[in-house]
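Notes follow the structure.
The values are calculated or read from the model by the stated rules, or taken from the named source; none is laboratory data. Here the structure is a predicted model, which is why all the values come from computation and not from measurement. Positions of Cβ are backbone-derived with ideal geometry, glycine not excepted, and every protein chain shown enters the neighbour counts. To get the accessible areas, we keep the full protein, side chains included, count just its heavy atoms, and leave off ligands, DNA and RNA. Shrake-Rupley method; radii C 1.70, N 1.55, O 1.52, S 1.80 Å.
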Amino acid sequence: EGRPGEPLCRSQKLMLQGGLIHPSSPGCYYYLPPTVRAMEKLVRVIDEEMQAVGGQKLNMPSLSSAELWRASGRWEQMGPELFRLADRHGKGYCLGPTHEEAVTELVAAHSNLSYKQLPLRLYQVTRKFRDEPKPRFGLLRGREFYMKDMYTFDASEEAARQTYELVCDAYCRLFNRLGLRFVKVQAATGSIGGTMSHEFQLPADVGEDRLVLCPDGHFAANVETLNGVQTSCPTCGKKLTQTRGIEVGHTFYLGTKYSSVSNAVFYSPENKPQLTEMGCYGLGVTRILAASIEVLSTEDGIRWPSLIAPYQLCFIPPKKGSKEEEEGTALLERVYDDLAEALPHLVSDSVLDDRTQLTIGKRLKDANKLGYPYVVIAGKRVCEDPPVFEVWNQNAGEVLFLTKEGVIELISKVQVP
């Protein structure tokens, strides 16, 4: 990381070793091609879930006017975490860590909004900026990161609370699709504000949040929300367990905190102007990538949620000069061609490790390090009749010996977004 003695967490170490990220300055990274592929897949899954709840995607400027932030009171409240700058005319701006002010101004500018046009559910996936005092743990706590942020506008508190449940359910579906064990916990509203808030946390030792959980799932909270020490579940009375978590999503019911500042109104059935009721919902896109590697991986090999692995398949042909070389290479090519015909959507998700000067063992070790869900090897048994391939199903931790038909059948179950 550049600072001697700084602890590295597992995801940071594996991502640096695997050439997935490269540090540029504290808390800022180059995302290398495999990481960009994983991120684009994750965004596709997020898009599916957001559009299923009526989300419409837009893109807002990273530069946000200081006047907007002063009007909401957050220019002072955010303190040194806000990256501030002035243009050549001396006008103040910040680099957006979040976009409540900007989106409310946008909606307020459409001054003839009718109740018939609500709810509005607007979201974006963009770079965000936060001047972290101590950036650390790679993509888990950086100064520049990708976030999905959704902002909703409803006609009443009741409707806004229904939207809140709807988006929380979409978050639950997303993490279930990724195969990540998560907990939804009561949380503090912090600098965003509002009257209700929940965090989506992945339990992990390296997590910066302390959580208390009911063993039967009746109650879960971030410790910072509790007054004093709570040791038993308020519902069933059982002893609460403690764990640490990595926050990967955060939802807020905002009410009229921002709409009242910008005068974001709609016209009621009686043609009276009323303030919109708002909610905001964040997902840490790059943080989900790092956190999923953190919780799924082994010490020496990355494990991705299989849906968003940069590549699904790695083919390893025999070593140059081995007695299987000629026959094994030809057979592996045939498997690839048949796979491409049967499963064309996986063609761009396959990698051929053609470094045949290296042993199969060395290339398998590299494949394990990079986290391909499936590795297909033309080893000693390709010369049998019928030929048998060695297939490593990394996420299940099993090695299978399969014919060409068996390989295609196994791979046909693979999903890509």
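The fraction of all Cα pairs in the stretch 335-402 landing in successive 5 Å bins from 0 to the largest distance is 3, 15, 23, 27, 23, 9, 0, given as whole percents.
Roughly how many Å² is the accessible area per residue of the stretch 353-402, as a whole number, for a 1.4 Å probe? Walk me through the numbers before you get to the answer.
Details: 2470 Å² over 50 residues.
That works out to 49 Å² for each residue.
Across all directions, the average flat footprint of the convex hull enclosing the Cα atoms of the stretch 148-230 is 7.0 nm². Overall, the anisotropy analysis places the stretch 195-318 in the oblate class: the square-rooted eigenvalues a ≥ b ≥ c of its C-alpha gyration tensor yield a/c not less than 1.5, with a/b not exceeding b/c. Computed from Cα atoms, the angle from the helix 285-296 axis to the main principal axis of the chain rounds to 50 degrees. Summarising the overall dimensions of the stretch 245-373 from its C-alpha atoms, the Rg and Dmax are 25.7, 85 angstrom.
Think of the stretch 311-412 as having a plus end and a minus end, set by charges on the Cβ of Lys, Arg, Asp and Glu; of Leu332, Gly361, Leu402, Gly361 sits farthest toward the positive end of this dipole.
What's the local net charge at Pro344, with K and R +1, D and E -1, over the other residues with C-beta under 15 Å away?
Working: positive: none; negative: Asp337, Asp338, Glu341, Asp349.
My count for the surroundings of Pro344 gives -4.
Computed from Cα atoms, the angle from the helix 157-177 axis to the main principal axis of the chain rounds to 10 degrees.
Atom-type composition of the exposed protein surface of the chain places 51 percent of the accessible area on carbon and sulfur (1.4 angstrom probe). Over the stretch 55-145, accessible surface divided per residue gives 51 Å², non-protein components excluded, 1.4 Å probe. With every protein chain in place and a 1.4 angstrom probe, the accessible-area ranking of Asp154, Asp209, Asp87, largest first, reads Asp87, Asp209, Asp154. The fraction of Cα-Cα pairs per 10 angstrom bin, counted from 0 for the stretch 11-151, comes to 10, 32, 33, 20, 4, 0 percent, rounded to whole percents. Ordering Ala378, Val206, Leu352 by Cα displacement along the dipole of the chain toward the positive end leaves Val206 in first place; charges were set at the Cβ atoms of Lys, Arg (+1) and Asp, Glu (-1).
Between the C-alpha center of the stretch 17-84 and that of the stretch 398-417 there is a gap of 36 Å.
Over the chain, all Cα pairs binned in 20 Å intervals from 0 give whole-percent P(r) values of 23, 48, 24, 4, 0, listed from short to long.
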